[in-house]
Each structure stands twice: as structure tokens, then as C-alpha cells.
Amino acid sequence: MDLEVRSVSKRFGATIALDNVNLKIASGTIHSLIGENGAGKSTLGKILSGVYQLDSGEVELAGQAVTIGSPREALSRGITIIAQELSLVPSRSAADNVYLGIEDHAGPWVRRGVIKDRFEELTKTSGITVPNDRPVSALSIGDQQKVEILRALARNAEVIVMDEPTARLSVEETAVLKDVMRSLRDQRKTIIFVSHFLGDVLDVSDAITIMRDGKIIRTSKPSDETHDSLVEAMTGRKAGDAFPAKTPPKSPAPVLEVNGLTRGMQFADISFTVGAGEIVALAGLVGSGRSEVARAIYGADPFDSGEVKLQGSVIKISHPATAIENGIVMIPESRKDQGLILDRSIRENISLPYLKKLSQLLMKRREENSMVAENFAAAGIRALSSEMTVRSLSGGNQQKALFARSLAGHPTLFIADEPTRGVDVGSKRAIYELLADLAQKGMAVLVISSELDEVVGLAHRVIVMQTGRIVAELVGDQISESAVVSAAFSMKQREGLAS
């Protein structure tokens, strides 16, 4: 069914989230909503799915004006949302989650056999397969999202709002999800795709609506847009060069030396250096061992053999706390699962690793506040107060909170694993500038990224990994997207750790 919003506006206090928005979404299409944080795209999706209520304007379904006062009412009209934070019961199976609340009963008893049969039929008709022999907590994030989609289909949803569904997925999981979205479109379901990932948007969309400051800038076909044209429309500025200029490293002397690092079947004989003022990127396909190497250097995971030197001395890092004490910090791959305590304040999140040190100062709040304020500003966090909860921040500002925490340790080695995952274009630029600034100040920076433009745009050197081994090192003019891809897919280490 076609969906249309007419003159829709929404305020949160003095903030105008949506300003007289008019939009048509055709039935059986994938329609993307894009924009920087605060553009209004998620707010619009939540109004359509009943999470928020509009202040003025109207929503039409199949040509009829409708009221959507709650998620339940939205679902009764065939609209639902799959939020960034999945709402599954971790201890229950996929089938139990899909049919929770709409089970078949025989008296007071749930008819388990009927639920199993209905689940198998649903997966068959939808083409979405997911394991049903374990709790959903044991499933990958990609499979958990499939469970959410199946739950929507089990409730006869015709319009599914997906809010940043690829933010926590690997490249392979993202490809699978896009295939699922295309399959749903072929079944005449309507997908509203809210995303920061412009490559995914251009790849999967039938239509793209660009928002800025609560207004619609334009709606267009993917064939009429490019990455740069989308960025310019989202920001109101020329795309230009997304990355700051590379400044030559301050000193050839290595801050970090990794020699022969090996861990089981994950990686073997890893050796490289990172100098003062140098940004080195670890690149490669998902599963190549990039993140595992970084976690071993940081002490999050053990390694079997090899050594790590910091400023010429061998160090024994058995725990991240030891790494921090030695001047090594790390931004983890998933800020929500591995980095932040979402319901605590920005202040508490920044000071968390340094509580022991602060306790030696009798937990003097003045020292803590001074440390927090200094690094709050250095990371460029945009928030009214450091007492705001991290959950209330945009993805970009949540990531900056992790940067602030890391900077508070006055590190000599800064490791950033997927530093811009799930943040908007404006926040990406700010993070790139922050990383470049750290290098200019003489810090050694190690970046792990799945985004090729990020690897090429930031790094002085690129180390390419494949199946747990280093297969190439690119320097200066050798660094290009094609060179990184060629090395990542090379036959040099086809046998990987078995060679």
C-alpha cells in the first residue's frame, strides 16, 4: 500500500525535528531516508511506526488519512519498525520470539508443535532462514535481525521501517540483509531504510529521500545520485576532500613494534611497526585477522608467541588495564557492546578506566571534572552537559565519548577499530580530523577499518591481511583502493594458516 505524509511537523521542546515534511513512498519499494544526525530521518520513521506522534499534518495509507497513536496501532495498519536496539527475548528461540504474544493455545498451554510448523512455513514463504535450535542470544547480529523481520511478517506487516540495520553488521552480513530486503520488495513489502551508509543506500534503494534540518531536500533515483552528490545535499556543502591532508610522520623511530605475533588459527607471524606521528591502517576482508591482532596488542585477547615492544622495550600486556597503564588505548569495534555503558553519564564513561587513579586522590570530584572537561572538549563532543546519559547522544557523539575516554589516558599508541562505524558524514569528518590531529601531535595511530576510502584517505602506510597473515604493505603513492582490494583478494596466502 502506498504511504504519504502531508505537512508533518514535530517538535521536541525548542528543537524542530520535522518541519512541514511532505513525502510519498510507493508500495513494494525500498525507500531510503538519509541525512546527518538531527536531520529528522529517524523521527519520521518513528512517527510512521507510532513510536512518536506528529504535532501537525497527516499520514495517508492507500489514500486514506489515518491516525497512528502507538506502535500497536501502527502494526494494526500494517506498519512496524525494526530499531537499532533489537527487542528480542535473549533466552528464547527464534520461533518463540517470532510468535511471542500471538501463540496458539490449547487451554492454558502453548501449542509448541503448531508454533514450530508456523515458523517453518514462514521461513519457507519468506525465504528468510535462521537457526531455531538455540536461544537468540547465541545467534549473530545478522540472524537476530532476521528474527525481527520474521516477527514483523508474522504480524502481517506491509511497511517495515529499518533504522540503521547495517550499523553493527559485517560486510558479509550486510550483503545478506540487502538480499533479504530485495526479496521482501519482490513480495510487495515496502521497506523504509534509514541509514548512514551511503554505499548501501545507493546499492539497494529504489528511491532516496535526503533530509537536512528537519526538511526534505529532494527525493531521487539512485541512478541520478553519487556518493558526493548525496553528501553535498545532506550537509549543504561541497563534498570536497573528506579527509584532512596527510602530514609526514614526525619521527621514523617506531613507537610500536610487533614481532612474530601468533595466536592459534586466527593469525600468524605478524610483524609491523607504527612510528610517532604515523597513521597505519590494518586492512583486509572480515575474518582476515585485523581486529584480532589489535585486540592482542591491547591485551583483550592473549597471543601464543611473538612480542610487542613499546618505545623500544618489550611489554607484557595481559589485560586492557595493563595496556592503559603502558600508554596504549583502543576504541573497540562495537561501542555499544564493548565500549560504553549507555545508561550512565558521559562523565562516568570517560572516567571509568581511571577510577583507581582517582581513588588515590580520594575520588576528588574536582580532579575528575577537570579530566572530563578537558577531554570532552578535545574530542569535540556536542552535548549540553557531561552529566547527560550516553544513550541520549547521537552515534557520532557516542563515538566521540569513547575518544574522550581514551585521550584521558594520555596515550602514546592509539588503536581505533572501525572508528566511524554507524556515524553520520559530519561526524566522520570530525573523527578523521581528530585522528590526524593525534598523529600531528606525535602519537602513533593504528586504524582498523572495513571502509576502503577511510583506509586510503587516512593512512601513511597500509598493511593488508588475508586469512591471518600479512600479504602486502603499501606506502605513499602505492596506497589506492584498487591496490588494497587486489592484495586482500590475492592468491598469495590462499591456504592461510594451513600453509
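The values are calculated or read from the model by the stated rules, or taken from the named source; none is laboratory data. These numbers were taken from a predicted model, which means no experiment stands behind them. Glycine gets a Cβ as well: all are built from the backbone with ideal geometry, and neighbour counts include every protein chain shown.
Considering segment 133-155, the residues that are modelled with pLDDT of 90 or more and not in a helix (DSSP H, G or I) include one that is farthest from Tyr52 (Cα to Cα), namely Arg134.
Scanning segment 168-210 for residues that are closer than 14 Å to His31 by Cα and among the acidic types (Asp, Glu), we see that the one that is surrounded by the most Cβ atoms within 10 Å (Cβ to Cβ) is Asp200. Out of segment 449-476, which residues are among the aliphatic types (A, V, I, L, M), closer than 16 Å to Ser291 by Cα, under 24 Å from the mean Cα position of the chain (by Cα) and crowded, with 20+ Cβ neighbours inside 10 Å? Across segment 449-476, the qualifying residues are Val455, Val462, Ile463, Val464, Met465. Take the residues of segment 118-132 that are touching a helix residue (DSSP H, G or I) at 6+ places or on another chain (Cβ under 9 Å) and assigned to a helix (DSSP H, G or I): which is farthest from Arg77 (Cα to Cα)? Ranking the candidates gives Glu120 first. Among the conditions (1) at pLDDT 90 or above; (2) of a type outside the set (Ser, Thr, Tyr); (3) surrounded by fewer than 18 Cβ atoms within 10 Å (Cβ to Cβ), Pro252 misses just one, which is (1). Among the residues of segment 155-172, those that are touching a residue at least 40 places away in the same chain (Cβ under 8 Å) and under 15 Å from Lys41 (Cβ atoms) comprise Val161, Met162, Asp163, Glu164, Pro165, Ala167. Checked against (1) assigned to a loop (DSSP other than H, G, I, E, B); (2) more than 24 Å from His460 (Cα to Cα), Gly306 passes all but condition (1). Taken across segment 44-58, residues that are outside any loop (DSSP other than H, G, I, E, B), touching a residue at least 40 places away in the same chain (Cβ under 8 Å) and surrounded by fewer than 16 Cβ atoms within 10 Å (Cβ to Cβ) do occur, with at least one present. None of Arg347, Arg295 is under 30 Å from Leu384 (Cβ atoms), among the basic types (Lys, Arg) and outside any strand (DSSP E or B) except Arg347.
Can we say Leu446 is within 22 Å of the chain's Cα centre (by Cα), at pLDDT 90 or above and assigned to a strand (DSSP E or B)? So Leu446 fits the description; yes.
Inside segment 371-396, can you point out the residues that are free of Cβ contacts under 8 Å to residues at least 60 places away in the same chain, over 18 Å from Leu438 (Cβ atoms) and in a helix (DSSP H, G or I)? Full working, then the answer.
So the first thing to find is which residues in segment 371-396 are free of Cβ contacts under 8 Å to residues at least 60 places away in the same chain, and the list is 371-393.
Of the ones still in play, those that are also over 18 Å from Leu438 (Cβ atoms) are 372-373, 382-393.
Listed by number, the residues that qualify are Val372, Ala373, Val390, Arg391, Ser392.
Let's see how each residue does on (1) touching a residue at least 24 places away in the same chain (Cβ under 8 Å); (2) assigned to a helix (DSSP H, G or I):
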residue: Ile208; (1), (2): yes, no
residue: Ser223; (1), (2): no, yes
residue: Asp228; (1), (2): no, yes
residue: Glu232; (1), (2): no, yes
residue: Pro252; (1), (2): no, no
residue: Asn259; (1), (2): yes, no
residue: Ala268; (1), (2): yes, no
